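Since the structure comes first, as structure tokens, the remarks are kept for the end.
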Amino acid sequence: MSEEKTLMDFVNEAKSQITEIEVSEVVSLLDDGYQVLDVREPAEYISGTIDGAMNVPRGVIEAAADRQYPGKNANMQDRDKKWVLLCATSGRSAMAAAALQQMGFKNIKNINGGMAAWKEAEMQVVIPKHH
């Protein structure tokens, strides 16, 4: 019988499949047409995020991106769209990034350290206008 997987096993497996970037690289990526995808829960998102971020919680990322799913998110159908993923510390966003890549997305990057690293770097945090 195999050993039970832990959360960190899932996160590390995802991180081995994706591209991670540092907070210092985010601004230039945003200038290059990337959009922030905040995969935290709505309550976390509305407490403060990166300017212009769209919120799609980790729990519904596959449904939002699925072209056949009736409840899909119209903003998540273009597989060439450039996304920078964000969560609290980069675990959920790593797993979301790996899932999106498996769904055919070609331009996915994950912010290493997530919102915690963003705040630590004293980057701007905004309260989203629409939620």
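Where a number appears in this text, it was derived from the coordinates with a stated rule and is not lab data. Treat the numbers as computed from the prediction; the structure is a model and nothing was measured. Methodologically, a virtual Cβ is constructed for each residue, glycine included, from the backbone with ideal geometry; neighbour enumeration extends over all protein chains shown.
Peptides 94-105, 77-88, 112-123, 8-19 ordered by packing proxy, namely the average of other Cβ atoms within 10 Å per residue, highest first: 94-105, 77-88, 112-123, 8-19. Per-residue ellipticity at 222 nm from helix content only, as computed over the chain with -39500 (n - 2.57) for each DSSP H run of at least four residues, stands at -9500 deg cm²/dmol.
Taking a point 7 Å from the Cα of Lys129 along the Cα-to-Cβ direction, the residues of segment 19-51 with backbone N closer than 13 Å to it are 51.
Within segment 7-120, DSSP assigns beta bridges of which about 0% are antiparallel (rounded to the nearest 5).
Fully extending the segment from Glu122 to Ala74 would add 14.0 nm, taking 0.36 nm per residue of separation and subtracting the current Cα-Cα distance. Among the lysines of segment 7-120, pairs that are 8 or more positions apart or on different chains and have alpha carbons within less than 23 Å of each other number 15. Legend: ranking of residues Arg67, Arg58, Arg40 from fewest to most surrounding C-beta atoms inside 10 Å; resulting order Arg67, Arg58, Arg40. Above 18 Å lies some portion of the pair distances; for the chain, what is it as a whole percent of all C-alpha pairs? Taking all Cα-Cα pairs of the chain, the fraction more than 18 Å apart is 51 percent.
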